[in-house]
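The structure under discussion appears below in the form of structure tokens.
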Amino acid sequence: MSRPLVGIIGNAHVINEQYNVQAVAVMNLEAVATVSDAVPVMVPALPHIGKTEELVAHFDGFVFTGGRPNVHPRHYGHEPTEAHGAFDENRDNVTLPLIRHCVEHGVPILGICRGFQEINVAFGGTLHPEIRDLPGRINHRMPPDGTLEEKFEHRHTVALTPGGVFSRIFGTEEILVNSLHGQGIMDAGERVVIEGHAPDGTPEAIHIADAPGFALGVQWHPEWNAAGDQVSRPLFEAFGLALREPSVNSVFGNKLAG
């Protein structure tokens, strides 16, 4: 039996100050290939890649990765400010309808960082442009200096809803994760269930209520050391299981609950 095919949404970059490229971090590709045991294929976030339905027909699931540009606030009724940073509206125009279509049709999706935020916006949620500016919140941004290991090291715990989807996947109600984001959920979208919070109250883990398939998002970056991390590995393994058994009942039933 051939391995499932997973579309990983690309990000726009400019190299040598003139060449526009689409790229996916190798750690995302490796996480899907080695832990989810699937074939990763980059999907360029460009306006002419085809209709959503055509795109979905070619893949068994999708990963919506992190990315430096943010979702444009017009998608959730806010005006852009300097705090919102840079945008990639080509990616917005690809991912938001794609997320909704996948959820409706039971196609497994996993959102990471920006992808987590995209899932919330796709279902009518809003984002705060700079979490660290909110009273009582910590700085969730990536440290500006240091090695990759230092930037992706564990930064805080996440408290999970007892008996929820994530606590069943991880087998615990508290996990330790990295933190490399500036924005975060302000208002949860319709059907967006928040199942994990950082100690300062920042939402960290979500799923879509009544989705017929795997529809999860996390604010941290599980692709880092996915094969060796005790949180990252079961998340990508669960995604891999969903690719092979799309029914949400089989994914979150006895197989993961023990």
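The distance between label points at residue 74 and residue 193 comes to 3.5 nm (points 7 Å beyond Cα on the Cα→Cβ vector).
Counted residue by residue at 0.36 nm each, then reduced by the alpha carbon distance between them, the extension gain from residue 54 to residue 245 reaches 66.6 nm. Placing unit charges on the Cβ atoms of the charged side chains and taking the dipole of the chain about its Cα centre, the candidate lying farthest along the positive direction among 98, 194, 10 is 98. Simple point charges give the picture: +1 on the Cβ of Lys and Arg, -1 on the Cβ of Asp and Glu, and for the chain a dipole about the Cα centre of about 320 debye.
With the convex hull of its Cα atoms as the shape, the chain has an orientation-averaged projected area of 13.7 nm².
Compute the normalised compactness of segment 1-131: alpha-carbon radius of gyration over 2.2 N^0.38 Å, N being the residue count.
Details: Rg = 14.7 Å, N = 131, 2.2 N^0.38 = 14.0 Å.
In units of the 2.2 N^0.38 Å rule of thumb, it is 1.05.
Where in segment 174-213 is the amide nitrogen less than 13 Å from a point lying 7 Å along the Cα-to-Cβ axis of residue 230? Counting backbone N atoms under 13 Å from the label point, the list is 174-177.
Helical runs (DSSP H, four residues minimum) scored at -39500 (n - 2.57) apiece and divided by the length of the chain put the mean residue ellipticity at 222 nm at -6500 deg cm²/dmol. Multiplying the residue separation of residue 176 and residue 5 by 0.36 nm and subtracting their alpha-carbon distance yields 58.6 nm.
The spacing between segment 1-15 and segment 179-237, judged by their C-alpha centroids, is 20 Å. Of the peptides 205-218, 128-141, the ranking by mean beta-carbon count within 10 Å, highest at the top, reads 205-218, 128-141. Net charge of the neighbourhood of residue 94, taken over other residues with C-beta under 14 Å away and scored Lys/Arg +1, Asp/Glu -1, is -2. For the chain, the residue among 128, 157, 78 whose Cα projects farthest onto the positive side of the dipole built from Cβ charges is 157.
Cα convex hull of segment 49-105: mean projected area in nm², to one decimal?
Spelled out: convex hull of the Cα atoms, projected over all directions, averaged, 4.5 nm².
The numbers here are math on the coordinates, done by the rules we state, and not lab data. Predicted model only: the values in this text are computed from it and were never measured. As a convention, Cβ positions derive from the backbone with ideal geometry for all residues, glycine included, and neighbour counts pool all protein chains shown.
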